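The values are calculated or read from the model by the stated rules, or taken from the named source; none is laboratory data. Just so it is clear, the structure is predicted and the values come from calculations on it, not from any experiment. A quick note on method: Cβ atoms are made from the backbone with ideal geometry, for glycine too, and the neighbour counts reach across all protein chains shown.
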């Protein structure tokens, strides 16, 4: 993560010229703060309500019927949920791995070399991010249909569950994740000091040694950030999975969408709560992996 | 062979870019061309297409029935973008003027909901918004503040609320990035020249953060225009956007060419918006 140049700090502004100006500045600051407080309440209120009502001992969501772990208990014995969960994880892990490798290589090519068609490649890398997922889902649906790949499943046995994950879903996830990984890793590469690589080569390190001992370790925070982003996006995805999997295939998100369409139940709240906790854990893990939790949580150079 | 590789950086670059290029050509670019091609084909009997050229699909897409959905979607996405900008700018400004520690904390607090599942976050609003059983209406009626439930659900209001909630960080982050790159000495110079606070903002801060405004607007507008989950859940099946119409063409009506035509137009609009963004950024340097 890069450090940003110093921001306009309140202290650095020139002293206010009169009392009225000072008062106005104070009032403005208070307005800004209360605006921020309200926005953060807006951001967290739905999630808090979601979590609280996952412990509600009543089928009717708006009525509080006492606290219970009943819905979590129901989830534990639900094989459909288990299948959906493992499908999600299987797709996320696999597509993250593939797209992280491909995306990292692409980032190195784009940032460290000049070659013919680089501009076109740049556009090709940006397009999957720009195009809305519904359009991308349609594109892939037609393509898999037309090419005859269809929804052929990959059959694997995992923890006693017989998964059948369509190749098309994994391919779909890779194709939207490559770009995100490439952009994150590229931002990291752009930040790195080339002198170190040049120094390594001056010391007679060959390309492979330079890559393995200098470039890769320095790129690592970017690669980890890109992989975590890819993993999150894969777990998050509904539309592309839905369109490239055929009927009856559930990931966690697709399963929850099906339940929500039938109605609101505390059971959905329980699954949702677990999903929120899971992503919180991921964010925590990301913070730990990057500089032991210090540093900016967002790379401003991405924007 | 390794010797050749070392001497030819062009070859190294080609090997590095090959996996991404080939994957994206086969599983992104070709599908993209196929969708555009499908827009000009006739509909098959049981889904699929008949390979003969027609302009009928594109004509139907600009038929008022569907064109209005496009307009409505664009209006919803536009309103979402403007609201995000209006409420996001002051927040970004506040975050950018904090000390490092507080700034990181505020950014993290902004990103945590954003990293949670989008569907889950949208579903969370159902509990609050639903007309008769939603927490807001139940509470307000329980307190005797209102007699009739407020129309919070199944309309454009609910969709825009859900979209603003979903994409606000996408607006705040580029704005924050632009604001934190501002050179404080420029603000001081403006103030020293007796520019009142409002003028400092309109003449210095706003123009300099315009690239951030543009980036944020693009990042909010595009997914809002293509929204599918939000209108499906919060629109209550009544209030639809173009994403839902496309979905129906494939899953219910089995009219793939027409669905492709709608997608093609949507993709075209996205590209236009993005090009406009790049032109704006380039002009501003």
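List of remarks:
- Residues considered: B:136, B:95, B:83. Of these, the only one that is more than 7 Å from chain A (Cβ to nearest Cβ), in a helix (DSSP H, G or I) and farther than 15 Å from residue B:169 by Cβ is B:136.
- Just so you know, in segment B:122-133 the residues that are in a helix (DSSP H, G or I) and more than 7 Å from every other protein chain (Cβ to nearest Cβ) include one that is farthest from residue A:281 (Cα to Cα), and it is B:129.
A quick yes/no check of all residues on (1) out of contact with any helix residue (DSSP H, G or I) (no Cβ under 7 Å at 6 or more places or on another chain); (2) facing chain A (nearest Cβ under 8 Å); (3) within 27 Å of residue B:108 (Cα to Cα):
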| residue | (1), (2), (3) |
| --- | --- |
| B:181 | yes, yes, yes |
| B:193 | yes, no, no |
| B:213 | no, no, yes |
| B:221 | no, no, yes |
| B:229 | no, yes, yes |
| B:233 | no, yes, no |
| B:245 | no, no, no |
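- The helices (runs of 4 or more DSSP H) falling completely within segment A:203-248 that include 1 or more residues that are crowded, with 22+ Cβ neighbours inside 10 Å map to A:216-236, A:239-245.
- Pick from segment B:195-205, criterion within 10 Å of chain A (Cβ to nearest Cβ) and assigned to a helix (DSSP H, G or I), ranking: modelled with the highest pLDDT: B:205
- Checking each residue in segment B:141-155 for being buried (at least 16 other Cβ atoms within 10 Å of the Cβ) and touching a helix residue (DSSP H, G or I) at 6+ places or on another chain (Cβ under 6 Å) picks out B:149, B:152, B:153.
- Of all residues in segment B:265-284, none that is more than 17 Å from residue A:135 (Cβ to Cβ) and within 10 Å of chain A (Cβ to nearest Cβ) has its Cβ atom under 7 Å from the Cβ atom of a residue that is modelled with pLDDT of 90 or more and loosely packed, with under 13 Cβ neighbours inside 10 Å, 6 or more apart or on another chain.
- Scan of segment A:98-109 for residues that are in contact with a helix residue (DSSP H, G or I) (Cβ under 6 Å, 6 or more places away or on another chain) and at the interface with another protein chain (Cβ under 8 Å from one of its Cβ atoms), ordered by number: A:102, A:103, A:105, A:106, A:108, A:109
- Checklist (1) modelled with pLDDT under 90; (2) more than 25 Å from residue A:126 (Cβ to Cβ) applied to residue B:158, failing item: (1)
- Qualifying residue in segment A:150-168 (condition: buried (at least 24 other Cβ atoms within 10 Å of the Cβ) and closer than 26 Å to residue B:33 by Cα): yes
- Test: residue in segment A:174-189 that is assigned by TED's automatic domain parsing to the domain that holds residue A:232, surrounded by fewer than 18 Cβ atoms within 10 Å (Cβ to Cβ) and within 29 Å of residue A:90 (Cβ to Cβ): no
- Selection from segment A:268-283 of residues that are under 26 Å from residue A:67 (Cβ atoms) and surrounded by fewer than 19 Cβ atoms within 10 Å (Cβ to Cβ): A:274, A:277, A:278, A:280, A:281
- Residue match in segment A:282-299 (condition: in a helix (DSSP H, G or I) and modelled with pLDDT of 85 or more): yes
- Residues that are within 9 Å of chain B (Cβ to nearest Cβ) and either closer than 14 Å to residue A:183 by Cα or modelled with pLDDT of 95 or more (or both), drawn from segment A:113-122: A:121
- Selected residue [surrounded by 15 or more Cβ atoms within 10 Å (Cβ to Cβ) and modelled with pLDDT under 90] from B:106, B:126: B:126
- Scanning segment B:35-54 for residues that are without any contact (Cβ under 8 Å) to a residue 60 or more places away in the chain and within 9 Å of chain A (Cβ to nearest Cβ) yields no hits at all.
- Within segment B:16-33, at least one residue is touching a helix residue (DSSP H, G or I) at 6+ places or on another chain (Cβ under 9 Å), surrounded by 16 or more Cβ atoms within 10 Å (Cβ to Cβ) and touching a residue at least 24 places away in the same chain (Cβ under 8 Å).
- The listed residue being facing chain B (nearest Cβ under 10 Å), at pLDDT 85 or above and under 30 Å from residue A:280 (Cβ atoms), out of A:180, A:243: A:243
- Among (1) touching a residue at least 24 places away in the same chain (Cβ under 8 Å); (2) more than 7 Å from chain A (Cβ to nearest Cβ); (3) more than 25 Å from the chain's Cα centre (by Cα); (4) closer than 28 Å to residue B:110 by Cα - the single one residue B:255 does not satisfy: (4)
- Among the residues making up segment B:80-103, a single one is touching a helix residue (DSSP H, G or I) at 6+ places or on another chain (Cβ under 7 Å) and more than 19 Å from residue A:43 (Cβ to Cβ): B:97.
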